[in-house]
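Beneath this line is the structure, given in structure tokens, with notes to follow.
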Amino acid sequence: MLATVDRPVFVQLPSPGYLAAAGSALAAPAEVDAARDRGLALAALLRAEIEALAAEGVAYVALGNPLYPPLLDPWPGASG
């Protein structure tokens with residue numbers, strides 16, 4: 001694919017923190033610690049993936065977290 005485009009390529013990957021915490025209530029300190037450990041392991045894997053993408057010519061990589069937009073909404077539940 002990279003050989004057929006004439007502009008920088010953008011790839012979005014899930015953030016390691018989001019993946020690590022998905023499905024966990026994070027209600028207890030042990031759950032938070034476990035999610036942190038999972039996040040660190042996932043971050044190492046994603047770093048290797050990003051390095052491989054860069055070596056192939058991918059110019060931009062973004063880490064996405066679908067939970068950010070609701071957290072940034074100053075008026076949750078408001079319409080309009």
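The values are calculated or read from the model by the stated rules, or taken from the named source; none is laboratory data. These numbers were taken from a predicted model, which means no experiment stands behind them. Positions of Cβ are backbone-derived with ideal geometry, glycine not excepted, and every protein chain shown enters the neighbour counts. Note: accessible area is taken over every heavy atom of the protein model, side chains too, but ligands, DNA and RNA are not part of it. Shrake-Rupley method; radii C 1.70, N 1.55, O 1.52, S 1.80 Å.
In Å², and per residue, what accessible area does the chain have when probed at 1.4 Å with the other protein chains present? Please report the intermediate quantities before stating the final value.
Details: 6070 Å² over 80 residues.
On a per-residue basis, 76 Å².
When each pair of different Cα atoms in the range 1-43 is counted once in the 1/r mean, what is the Kirkwood radius in angstroms, to one decimal?
Numbers: mean 1/r = 0.0811 Å⁻¹.
Evaluated on the range 1-43, it is 12.3 Å.
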Quiz item: Relative to the Cα centre, what is the charge dipole magnitude of the chain, using +1 at the beta carbon of each Lys and Arg, -1 at the beta carbon of each Asp and Glu, and rounding to the nearest 20 debye?
Solution: 60 debye
Practice problem: Using only C-alpha atoms and all pairs of different ones, pull out the Kirkwood radius for the chain in Å with one decimal. | Solution: 15.0 Å
